[in-house]
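Structure record follows, encoded as structure tokens.
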Amino acid sequence: MIALLFLSLSAFNPPLPDSAQANTASTEQILPHVRQCSPSLSLRSQALNSEQENAICSQLGQIEAHFFKVFGQSNQAPNPVAHDHNQSLRANIYKDKQSFMHYAGEHFHMPTNNGGMYLEGAPDQAGNQAEFIAYQRDNGEVHNLGHEYLHYLDGRYNLYGDFCANLHDSHAPPENCPRPEPEPPYLVWWTEGIAEYLSHPNGHPATQNLAQQNTYRLSELFYTGYEKNNDSTRIYSWGYLATRFMMEKHRDAIEQMLVFTRVGDYPRYQALVRSWDKKWDVEFELWRVSLSL
Ligand SMILES: [Zn+2]
């Protein structure tokens, strides 16, 4: 229901409620600059100039090509998961954090106490528009740009179903995924980890420093939740380390995992992760302390 509500609001922009209409200019008024980067990506912004638009189109084009190289065959795009109509992503970019906090809540019915959000919507609905909502930092760059774009690619090619169908314990709007949440293990380590890993293709120095600290076993990280842990270092940085280790050292296990997540067989994903148990904990520890900057 909520996903449909979001779909209709974001895709067709009906009038806002009276109270909001009195205070808030429409999405089209605030984000008038439109640029189509490619069939799979468009930009809508408050203040990007054409040079900045070119840079974003190019950067995200490179990320998409890298993703296809990692998960496709012979550099071809992999097949999207079944019932996914998210052929394209629209990136909505406010000129600064203040504008984001002022408008994004009304425009996209989302919380703004974050660094931006990817809203998958209802991918099984024809005409659904996947949206990325973000803002420019003081230096003009878009905060979390690559990370959020990877959520779109991961959702379209690796994870069947909408955000609520994937395994996690977030109940945040606009999806408001129902309670009670599923039992862990979740997919938070993977979704946030793969977004960090592929948006930092040349290494992630801050995270590699963290890797020297004996904070988590790999087997614990598979159980990371959003609300249960509420710890951005564990979710993003340790998610990066767990995902990078699995991608580089146990790609066969990841491929086995993706067979299940691509068809939405999340119970078998959980059974697989439980079967992994602690078997790579020692190897993970040796690997992470050996990482160099
Ligand atoms: Zn994320």
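The values are calculated or read from the model by the stated rules, or taken from the named source; none is laboratory data. In this text the structure is predicted, and so the values were computed from the model without any measurement. In this analysis, Cβ positions are derived from the backbone assuming ideal geometry, glycine residues included, and neighbour counts consider all displayed protein chains.
Some observations on this one:
- Selected residue [among the charged types (D, E, K, R) and within 27 Å of Gln59 (Cβ to Cβ)] from Glu183, Glu196: Glu196
- Which listed residue is touching a residue at least 40 places away in the same chain (Cβ under 8 Å), within 16 Å of the ligand (Cβ to nearest atom), over 26 Å from Thr224 (Cβ atoms) and in the same structural domain as His33 (by TED's automatic domain parsing), from Tyr152, Tyr135: Tyr135
- Within region 205-224, the residues that satisfy the criterion of being buried (at least 18 other Cβ atoms within 10 Å of the Cβ) and at pLDDT 95 or above are Tyr216, Leu218, Ser219, Leu221, Phe222, Thr224.
- Of the criteria (1) away from the ligand (no atom under 16 Å from the Cβ); (2) free of Cβ contacts under 8 Å to residues at least 60 places away in the same chain; (3) within 30 Å of Gln62 (Cα to Cα); (4) crowded, with 17+ Cβ neighbours inside 10 Å, which one Val259 fails: (4)
- Tally, over region 200-219, of residues that are assigned to a loop (DSSP other than H, G, I, E, B), away from the ligand (no atom under 16 Å from the Cβ), out of contact with any Phe, Trp or Tyr (no Cβ under 6 Å at 6 or more places or on another chain) and touching a residue at least 12 places away in the same chain (Cβ under 8 Å): 7
- Condition met for Tyr269 (among the hydroxyl-bearing types (Ser, Thr, Tyr), in contact with an Asp or Glu (Cβ under 6 Å, 6 or more places away or on another chain) and within 16 Å of Tyr186 (Cβ to Cβ)): no
- Residue check for Tyr197: assigned to a loop (DSSP other than H, G, I, E, B), modelled with pLDDT of 95 or more and within 16 Å of the ligand (Cβ to nearest atom): no
- A single member of His109, His83, His143 is surrounded by fewer than 24 Cβ atoms within 10 Å (Cβ to Cβ), within 29 Å of Phe260 (Cα to Cα) and either within 12 Å of the ligand (Cβ to nearest atom) or in contact (Cβ under 8 Å) with a residue 24 or more places away in the chain (or both), and it is His83.
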